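**Student:** Pasting a structure below so you can have a look.
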Amino acid sequence: MRLTDDEKAMLDGAEGPAVAAAMDLLVRYGEALDAERLCDTRNVAGTTTQPSPAKARLVAEGGWNRAFSVLSLDSDETLDIPDMKVPTCQLQQGFGPDSVGIAPYPREFVELQTQAEAFAGRRGVNILATCTPYQVGNLPVRGEHCAWMESSAVVYCNSVLGARTNCEGGASTGAASLTGKIPYWGNHCPENRFGTHLVRVEERVTSFLDWGLLGYFTGDLVQEGRPVVTGDLDRPDLVDLKHFGAASASSGGVEMYHIPGVTPEAPSLKEAFGGRRVPEPLVYGAAERRAVYETLNNQGTRTDVDFVLLGCPHASVDQIRAAARALEGRRLHSGTQLWIMAPRALKDVADRSGYTAVIEAAGGRVLVDSCPAMSRSAPPGTRVFATDSAKQAHYLPAILGIEAWFGTLEDCIDAAVTGRWGGELR
Ligand code: F3S
C-alpha cells in the first residue's frame, strides 16, 4: 500500500503510540483488501460505547484505555487514547439509565455505558446514540468519504446522500477516528458505485409498508449487488428510503442502490449503470409483493401479541407523531406493551410537541439510544411481537426466539390496543 508522508509519519509514531497503532491497523486492513492507498475522512460513525461482556472484562483488567486499545485498535498493548482527530459520532448503543424499569437490560451494562460515554465524550465522540445519524445532524455531503458502521446507515449514506462509505467495523472506525484515514476501496471508488441489477416495479409502491416489502424483495435477489429500481413508484421521502435500504440490507447485503430521478448519482437509468449495458429486469409485481409479505409473516402462529415495536431504523419525528395520532384517546391492551425507538434528540422534539405525552397516556413508551435487537431486550415474557419494520421482523425472531408479525403502523397500533394481530395485505 502506498502511504503519503503524513501517513508514514503517523505509522512511525509522530503523533503518539495510539495513532501509530491505528495506522498499523489501517495498513493491515487495507493490504488484506488489496487497497492501494488510504483516503482522508472527516466523518466517522462507530459503536465505541456499546456495552458487551468482552468490554466489561477489558475495563476490569485495565480501564477504558485498555478496552479501546484492544477492541477499537486491535492492539495487545494498553495505549493512552488521545482526542479523536476527526469528527466522530456514536451510533446506536445499549439502553441507558432512563430505560431502567422499562427495558430489562442488565444494570451493569447501563453503568458500563455511562462510563463509556464519559470516556468517549471527553475525547470528542459525539454521543448521537442512533442508527440514523443522518436524522440528527450528521449529514455528509455528496462524494464525501466516510467511515460508518451499521448496515441501514451505510446504505442510506451511499444511496440517498451520495457520500461514500463501506460497512466498517469497530476496529476500523476506531482507527479512522484517530487518524482521519480509511482504506480506499469498495464504495469509495467511483467505478464500484454503478448499478449491477435492474428491478422493475409493476405493482405500485405507495406506502411505508410497500417500500419495506420492495426493499426486502430486492435485497434477497441481489444480495451484495447494487440494484437500480424503476417503474411504478410513488416519490419516496426520507422515511420510505430509510425503510427500503434497511430491508434490502437485511434480506441481502445491499450497501448502495439507485432510483433514477430520485437518488443523487442516478439522474437517469443510463447514468445509474455508468453507461454499461442495462441488464434484464427482475420484476416486482403483485405476486412478488404478496410472497414477500407472507415470508415476513410466516414467523407468527399465535395471534395474541405481547409486544409492539416501532422505530427501526430509529423513528423520525413524523413517525412518532403518526403513532401518537393513531393512539389518541385509546389505551393499550393490558397484556401488550408498545415501544417506539427514536434518536434521543428527536424524542426531545416529540416531548416538546406533545407527542410523547399522548403515547404515554395510552400506555406506550418512546425509548432512545438502542433497540431490542441491539440490546437483546424486550418486555419480560414476550412470546409474540408485531412491527412495521421489515428489518426487525427479519432479525428479532432469531435473536430473541419470539414470533413476529409484520404490517402497517395502523395494524401495529391496533394490535397494541386489542392485544391481537389482525393485519392483512391490502
Ligand atoms: Fe436501528 Fe436497531 Fe433497527 S439499531 S436499524 S433500530 S435493528
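The values are calculated or read from the model by the stated rules, or taken from the named source; none is laboratory data. Small disclaimer: the values here were computed from a predicted structure and weren't measured. Positions of Cβ are backbone-derived with ideal geometry, glycine not excepted, and every protein chain shown enters the neighbour counts.
**Student:** Which one of Gly180, Gly169, Gly174, Gly96 is in the same structural domain as Leu25 (by TED's automatic domain parsing), at positive phi and at pLDDT 95 or above? Write out each step before concluding.
**Tutor:** Working: Gly169 fails: at positive phi; Gly174 fails: at positive phi; Gly96 fails: at positive phi.
One residue alone meets the criteria, Gly180.
**Student:** Out of the strands (runs of 3 or more DSSP E) lying entirely within segment 187-285, which hold 1 or more residues that are under 20 Å from Arg142 (Cα atoms) and touching a helix residue (DSSP H, G or I) at 6+ places or on another chain (Cβ under 7 Å)? Don't jump to the end; show me each part of the working.
**Tutor:** Numbers: elements: 197-205, 227-233, 281-284.
Of the strands (runs of 3 or more DSSP E) lying wholly inside segment 187-285, those with at least 1 residues that are under 20 Å from Arg142 (Cα atoms) and touching a helix residue (DSSP H, G or I) at 6+ places or on another chain (Cβ under 7 Å) span 227-233.
**Student:** Restricting attention to segment 39-66, report how many residues are without any contact (Cβ under 8 Å) to a residue 40 or more places away in the chain and more than 16 Å from the ligand (Cβ to nearest atom). Let's see the steps before the verdict.
**Tutor:** Of the residues in segment 39-66, the ones without any contact (Cβ under 8 Å) to a residue 40 or more places away in the chain are 52-54, 57-58, 60-63, 65-66.
From what is left, the residues that are more than 16 Å from the ligand (Cβ to nearest atom) are 53-54, 57-58, 60-63, 65-66.
Total meeting the criteria: 10.
**Student:** Let me ask something else about it. Could you list, in sequence order, all residues of segment 374-407 that are more than 11 Å from the ligand (Cβ to nearest atom) and within 16 Å of Phe244 (Cβ to Cβ)?
**Tutor:** Residues satisfying the conditions are Asp388, Phe406.
**Student:** Consider only pairs whose beta carbons are under 7 Å apart and that are at least six residues apart or on different chains; among these, list those whose first residue lies in segment 289-303 and is at negative phi and whose second residue is surrounded by 18 or more Cβ atoms within 10 Å (Cβ to Cβ) and part of a loop (DSSP other than H, G, I, E, B).
**Tutor:** Listed pairs, sorted by first residue: Gly300/Trp421; Thr303/Trp421.
**Student:** Here are the criteria: (1) out of contact with any Leu (no Cβ under 7 Å at 6 or more places or on another chain); (2) away from the ligand (no atom under 13 Å from the Cβ); (3) assigned by TED's automatic domain parsing to the domain that holds Gly311. Tell me which single one Leu332 does not satisfy.
**Tutor:** Failing condition for Leu332: (1).
**Student:** Would you pick out the residues in segment 227-254 that are surrounded by 23 or more Cβ atoms within 10 Å (Cβ to Cβ) and more than 22 Å from His314 (Cα to Cα)?
**Tutor:** Result: Pro227, Val228, Val229.
**Student:** Continuing with this model, one more query. Given (1) β-branched (Val, Ile, Thr); (2) surrounded by fewer than 21 Cβ atoms within 10 Å (Cβ to Cβ); (3) more than 16 Å from the ligand (Cβ to nearest atom), identify the lone condition not met by Val125.
**Tutor:** With (1) β-branched (Val, Ile, Thr); (2) surrounded by fewer than 21 Cβ atoms within 10 Å (Cβ to Cβ); (3) more than 16 Å from the ligand (Cβ to nearest atom) applied to Val125, the lone miss is (2).
**Student:** Looking only at segment 73-108, filter to residues that are away from the ligand (no atom under 16 Å from the Cβ) and hydroxyl-bearing (Ser, Thr, Tyr); which one of those is nearest to the chain's Cα centre (by Cα)?
**Tutor:** The extreme case among them is Thr88.
**Student:** If I go through segment 136-149 residue by residue, how many of them are more than 23 Å from Pro97 (Cα to Cα) and within 16 Å of the ligand (Cβ to nearest atom)?
**Tutor:** Residues that pass the stated criteria total 3.
**Student:** Name every residue in segment 312-366 that is over 23 Å from Val384 (Cβ atoms) and β-branched (Val, Ile, Thr), in order of residue number.
**Tutor:** Answer for segment 312-366, where residues must be over 23 Å from Val384 (Cβ atoms) and β-branched (Val, Ile, Thr): Val317, Ile320, Val349, Thr356, Val358.
**Student:** Counting only residues that are closer than 16 Å to Gly212 by Cβ, give me the helices (runs of 4 or more DSSP H) lying completely in segment 290-369 with at least 1 of them.
**Tutor:** Filter on segment 290-369 gives 317-327.
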